[in-house]
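The values are calculated or read from the model by the stated rules, or taken from the named source; none is laboratory data. Worth saying up front: this structure is predicted, and the values here are computed from it rather than measured. Note that we place each Cβ from the backbone using ideal geometry, even for glycine, and neighbour counts take in every protein chain shown. Accessible surface is based on the protein model in full, side chains and every heavy atom, while ligands, DNA and RNA are left aside. Shrake-Rupley method; radii C 1.70, N 1.55, O 1.52, S 1.80 Å.
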Amino acid sequence: MKVKARIFIINAARLLLAITFVVSGYVKAIDPLGTQYKITDYLAALGLAGMVPQWITLAASMSLAAVEFALGIFILFAIRRRLVSRLALAFMSVMTLVTVWIYIANPVKDCGCFGDALVLSNGATLLKNIVLVACAAAVAWHPKDMARLISRSNQWIVMNYAIVYILGTSVWCLYTLPVFDFRPYHVGVNIKQAMSVPDGAPQTEYATTFILRKNGTTKEFTLDNYPDSTWEFVDSRTVVTKQGYEPPIHDFSMTSADTGEDITDSVLSRKGYTFLLISPSLAKANDSNFGDIDQIYEYAQDNGVAFYCLTASTERDIDRWRDITGAEYPFCTSDETTLKTIIRSNPGLLLLKDGTIIGKWSHNRLPQTDELDKPLGQLSIGRMPEEDSIVSRILEVVLTFILPLLLLTLADRLWAWTKWIRRKEDENKIFKLFKSKKKMRKKIVAGNWKMNLNLQQGVALAKEINEALAAEKPNCDVVICTPFIHLASVAEVLDSSVVGLGAENCADKEKGAYTGEVSAEMVKSTGAQYVILGHSERRQYYGETAEILKEKVDLALAHGLKVIFCCGETLEEREAEKQNEVVKAELAGSVFHLDAEAWKNIIIAYEPIWAIGTGKTATSDQAEEMLAYIRSIVAEKYGKEAAEDTSILYGGSCKASNAPELFSKPNIDGGLIGGASLKCADFKGIIDAWKK
């Protein structure tokens with residue numbers, strides 16, 4: 001697959017995945033009780049009804065909404081791309097398995113993926129999840145192909161804001177009511193009209209099968225071939241053969257708790273206002289605001305407004321509520337699921353006018369006495385909300401969430417664009433030529449022999465390198481860093497004006513009873529001018545800490561040695577996108593304590609540990625990005641001029657074939673070379689990259 005086509009496919013999958021997650025998470029977040037009811041349905045299907053406390057199912061509802069919404073935003077903005085794409089794939093894999101189960105077992109009619117905003121059949125849900133899991137797999141396959149909408153340094157703002165926003169939305173909608181009501185009983189609906197079936201609407205068709213027995217033989221019959229009376233009836237079953245028109249509201253009813261009379265039609269046909277106090281379960285209802293409810297009932301009596309409490313509770317629970325609250329209003333019974341659908345509050349209050357819902361309130365936001373100082377017809381709550389109320393709620397979402405993220409993105413991209421312009425200016429040779437008296441950084445290629453070559457081989461190699469470079473002057477400084485036993489002998493065959501000499505390590509002690517150690521003073525006495533400190537192999541195999549390296553750096557500088565200080569991250573740290581903080585911590589712990597004068601003798605060598613001796617090389621863009629970051633933190637510590645003067649090398653499977661591309665980057669000032677420095681031709685090939 002061509003790269004451009006792959007990138008297009010992955011970003012298309014990313015967009016579909018992000019939009020679906022954001023929409024799904026948001027509609028769940030604004031209706032946390034609805035999602036809780038759906039979770040309860042699943043538990044009931046698993047035979048766990050009543051075994052899980054309500055606070056756990058509510059917490060699960062809000063958490064699920066937050067996870068979906070946050071994953072969608074993170075994918076949209078390409079935040080922590082590798083980790084987030086894997087989490088999205090894991091999440092969708094689990095959800096797809098769940099939908100396979102509900103498709104086969106059919107424990108619920110709707111999975112609840114989009115709350116009441118969009119009801120899907122179990123088959124449609126499974127198909128949707130198969131598409132989404134494929135999208136998640138594509139994104140996880142090449143997460144780096146997702147273009148960032150915001151730089152890594154500002155991603156934490158988006159992450160925290162998205163999580164706080166969605167959790168805050170859930171809490172607010174739980175306290176009040178959903179800001180968007182997608183259920184049939186929303187404001188503006190005339191309940192009676194929503195229950196009617198239009199003339200000519202298709203009717204639901206049924207087929208009944210009768211199971212009969214005669215003389216020990218059991219057979220099935222239909223109405224068309226029903227046999228004579230000599231057959232004995234066993235059983236019957238009726239199934240829907242064709243689904244007809246089902247009105248939006250088909251399950252609303254009101255039965256007087258006192259008389260048992262069905263008063264549905266009389267209440268819905270009543271002209272004027274009617275208050276309906278809705279409580280699916282009075283035993284679980286919040287009774288903290290019963291005083292406000294009683295005052296509303298008294299107001300209704302004074303103004304000739306009907307008032308009923310509609311509940312699915314038993315007579316015993318109704319009596320208990322009356323005892324607790326002193327309620328004098330009449331009670332009616334209805335289906336519990338219907339009442340939970342009408343309003344997401346227990347209790348909640350509805351106001352009808354001529355059978356049309358014109359107001360809904362949570363028990364936390366009931367109309368107060370000072371608001372009820374006139375007849376309902378003269379009050380704002382007694383009038384149908386303006387048509388632009390939905391528009392204003394959408395505008396609130398835009399202003400509180402979408403607009404801040406949009407402005408942050410624009411500001412971030414503008415800043416990134418100005419940085420790109422500055423980088424292009426720095427890369428422009430003509431621009432550099434006319435820059436006022438800017439001091440050029442030293443270009444350095446340093447060889448690190450490590451524990452290789454005996455004394456004779458080492459002296460021979462040093463002599464060969466010296467002769468090759470003396471014959472053809474290099475365009476950069478060249479340093480070879482050898483084991484301790486080579487230093488004095490190699491110093492005698494090197495022309496220090498052509499090739500510098502360095503050690504691979506020194507002790508963290510000045511002198512004393514430290515058998516086997518070599519001090520900085522001893523290194524200096526051999527004729528060496530440089531020392532490598534902080535190499536990952538010393539950290540990994542010999543447990544060198546930041547504090548030990550700090551001591552070594554101070555002693556090396558005190559004895560006139562220039563320090564090539566190494567830093568770099570592991571593969572795990574790179575994959576977790578922690579390379580910046582790892583490198584910064586290594587520098588801060590061992591060299592950032594130096595003053596500006598001492599800093600002039602520091603050379604930084606960035607060596608990604610995953611590229612040392614593995615044959616793997618960081619791409620030139622990866623290396624440039626890291627070295628530019630290192631230069632930026634040096635600038636923060638010592639100023640821009642000092643940062644511009646600091647030589648920063650790249651190390652890690654650097655060779656003659658890739659050195660020209662690496663060295664062409666503006667922030668890469670050379671290389672710290674391992675295996676390729678053990679052969680003169682290979683080493684010189686890298687040095688000559690500065691001539692290309």
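Brief remarks follow.
- Qualifying position, being of a type in the set (Ser, Thr, Tyr) and under 24 Å from Ile10 (Cβ atoms), among Ser93, Ser63: Ser93
Each row is one residue, and each column tells you yes or no for (1) at pLDDT 90 or above; (2) under 29 Å from Val67 (Cβ atoms).
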residue	(1), (2)
Ile150	no, yes
Ile157	no, yes
Asn160	yes, yes
Leu174	yes, yes
Tyr206	no, no
Thr222	no, no
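- Residue among Ala207, Ala162, Ala194, Ala201 that is more than 21 Å from Gly359 (Cα to Cα), buried (at least 17 other Cβ atoms within 10 Å of the Cβ) and aliphatic (A, V, I, L, M): Ala162
- Number of the exception - Lys374 against (1) assigned to a helix (DSSP H, G or I); (2) surrounded by 10 or more Cβ atoms within 10 Å (Cβ to Cβ): (1)
- Hits in segment 444-487 (condition: farther than 19 Å from Gly685 by Cβ and among the charged types (D, E, K, R)): Lys450
- Only one entry of Ala66, Ala44 meets the criterion of being among the small types (Gly, Ala, Ser) and open to solvent by less than 20 Å² (accessible area, probe 1.4 Å), and that entry is Ala66.
- Residue within segment 153-165 that is part of a helix (DSSP H, G or I), farther than 21 Å from Gly25 by Cα and not aliphatic (A, V, I, L, M) present: yes
- Of all residues in segment 1-33 being open to solvent by 50 Å² or more (accessible area, probe 1.4 Å) and under 15 Å from the mean Cα position of the chain (by Cα), the one that is nearest to Leu167 (Cα to Cα): Val23
- Any chance Glu510 is under 21 Å from His559 (Cα atoms), part of a helix (DSSP H, G or I) and either charged (D, E, K, R) or in contact (Cβ under 8 Å) with a residue 60 or more places away in the chain (or both): no
- Where Ser151 falls short, out of the listed (1) hydroxyl-bearing (Ser, Thr, Tyr); (2) open to solvent by 20 Å² or more (accessible area, probe 1.4 Å); (3) without any contact (Cβ under 8 Å) to a residue 60 or more places away in the chain: (3)
- Among (1) under 30 Å from Leu352 (Cα atoms); (2) among the hydroxyl-bearing types (Ser, Thr, Tyr); (3) in a strand (DSSP E or B), the one test that Tyr245 misses: (3)
- Residues of segment 477-506 satisfying the condition of being open to solvent by 10 Å² or more (accessible area, probe 1.4 Å), among the hydrophobic types (A, V, I, L, M, F, W, C) and outside any loop (DSSP other than H, G, I, E, B): Phe484, Ile485, Ala488, Ala491, Val493
- Screening Met522 on (1) open to solvent by 50 Å² or more (accessible area, probe 1.4 Å); (2) of a type in the set (A, V, I, L, M); (3) modelled with pLDDT under 95 shows it passes everything except condition (3).
- Residue satisfying all of: in segment 45-62; more than 27 Å from Ser362 (Cα to Cα) and of a type in the set (Gly, Ala, Ser); nearest to the chain's Cα centre (by Cα) among these: Ala45
- Test for Asn106: is it farther than 24 Å from Lys578 by Cα, open to solvent by 50 Å² or more (accessible area, probe 1.4 Å) and more than 23 Å from the chain's Cα centre (by Cα): yes
- Those residues of segment 246-266 which are in contact with a Ser or Thr (Cβ under 8 Å, 6 or more places away or on another chain), in contact (Cβ under 8 Å) with a residue 60 or more places away in the chain and not hydroxyl-bearing (Ser, Thr, Tyr), in sequence order: Asp251, Phe252, Met254, Ala257, Ile263
- Of the helices (runs of 4 or more DSSP H) lying entirely inside segment 1-88, the ones with 3 or more residues being over 26 Å from Lys109 (Cα atoms) are found at 3-29, 54-76.
- Only a single item in (1) modelled with pLDDT of 90 or more; (2) open to solvent by 30 Å² or more (accessible area, probe 1.4 Å); (3) farther than 15 Å from Ser170 by Cα is not met by Val52, and it is number (1).
- Scope segment 350-399; condition basic (Lys, Arg) and within 37 Å of the chain's Cα centre (by Cα); matching residues: Lys360, Arg365, Arg393
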